[in-house]
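Structure first, then comments.
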Amino acid sequence: MIIIDIGDDYDAIPAYEQIYALAGPIQTYRITGDPLILKDAQLTVDLFDRYFLDKERGGYFSHLDPYDLDPRADSLGENRAKKNWNSVGDHAPAYLINLYLATGEERYAKMLEDTFDTITEHFPNYEDTPFVQEKFLEDWSHDSTHMWQQNRGVVGHNLKIAWNLMRMYGLSANLMSLGGLAIAIGMLVDAAVVVVENVESQLAEAQDNLPTLHLIFRAASEVAAPVTSGIVIIIIVFLPLLTLQGLEGKLFIPVALTIIFALSGPLGSPSHLQDGAEQVQYQRLLAELLRGVCTRVRVLLCPLHAAVSSS
């Protein structure tokens, strides 16, 4: 078991660390059939079912106390008796699908079904946001006060969003799509640098006794509009590539889609909007904009592309 001694998971055993410890070995097991790897996987799944699983309400707790393996221990602090996307949803992509494909065991098929049923039952939160709810209390009520992350954990996982959208659109992890992901990472870092530099400038020049968090919020708000506009402009620039046909389309459409997906992630929870109706309205507008955008762009621009190519 992996015990964490830094960050939000301090002095605890987080479920996601145990989950992703299986990702590489299970891929290896599918190729080699090494029985020792399978035994490790079985023991880890036993650990999940014995200690992390909430046998009354379903799902898996996010953290265990490292001494008595109790998810409800007071020593866990903010992580006491909590559930989240990582402890529930990440079982499937990290190892469970590959483990079932490699073994065909009914146990893992049922675990997959239970995981998907839990996600569809608890994670959508259409009354408040088009995005999924990410953090929960033990009774599956929404945990909107979890330290700095609150309920935005999934929306902030920009690369995971991009990866899931790539899989949904049937884009493989080839040289072109991974190249697009690398480009998008650079653009995201560039946008983050703008925000951080303005925060440092505000903190250095502050002459009043305002709280540090207030100064950080003010600095981020000052550059939120230009940073967001810059990201939207970059997305628009890549949209015409979706009209390409034939060989050039196979080469460049994966790059464009990957960049669009990755850059759309950080727009899901903008820092300059307060929690509440304003945030929800923005997220719904963004979701509507992204829904079907690729299809619409191709419908509008493909005739133009054909006319230019034939001239």
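A few remarks follow.
- Scan of the range 5-39 for residues that are of a type in the set (Gly, Ala, Ser) and surrounded by 12 or more Cβ atoms within 10 Å (Cβ to Cβ), ordered by number: Ala12, Ala15, Ala21, Ala23, Gly24
- Remark: pairs (first residue in the range 12-32, outside any helix (DSSP H, G or I); second residue of a type in the set (Val, Ile, Thr) and surrounded by 14 or more Cβ atoms within 10 Å (Cβ to Cβ); Cβ separation under 8 Å; 6+ apart in sequence or on different chains) = Ala12/Ile3; Ala12/Ile4; Ile13/Ile3; Ile13/Ile4; Pro14/Ile4; Ala21/Thr44; Leu22/Thr44.
Rundown of residues vs (1) closer than 18 Å to Leu47 by Cα; (2) small (Gly, Ala, Ser); (3) surrounded by fewer than 19 Cβ atoms within 10 Å (Cβ to Cβ); (4) under 18 Å from the mean Cα position of the chain (by Cα), yes/no style:
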| residue | (1), (2), (3), (4) |
| --- | --- |
| Trp85 | no, no, no, yes |
| Ala92 | yes, yes, yes, yes |
| Leu101 | no, no, yes, no |
| Gly104 | no, yes, yes, no |
| Arg107 | yes, no, yes, no |
| Thr120 | no, no, yes, yes |
| Pro124 | no, no, yes, yes |
| Glu134 | no, no, no, yes |
| Leu137 | no, no, yes, no |
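- Taking the range 197-225 as the range and being exposed (fewer than 12 other Cβ atoms within 10 Å of the Cβ) and closer than 30 Å to Ala256 by Cβ as the test, only Ala225 passes.
- Condition check for Tyr67: aromatic (Phe, Trp, Tyr) and under 24 Å from Ile37 (Cα atoms): no
- Filter result for Gly33 (in the same structural domain as Asp11 (by TED's automatic domain parsing) and within 26 Å of the chain's Cα centre (by Cα)): no
- For the criterion of being modelled with pLDDT of 90 or more and closer than 30 Å to Gly77 by Cα, Asp8 fails.
- Residue in the range 49-61 that is touching a Pro at 6+ places or on another chain (Cβ under 8 Å), in the same structural domain as Met111 (by TED's automatic domain parsing) and farther than 24 Å from Leu137 by Cα present: no
The values are calculated or read from the model by the stated rules, or taken from the named source; none is laboratory data. Predicted model, so just to flag it, every value in this text is computed and none were measured. FYI the Cβ positions are ideal-geometry reconstructions off the backbone, even for glycines, and counts take in every protein chain you see.
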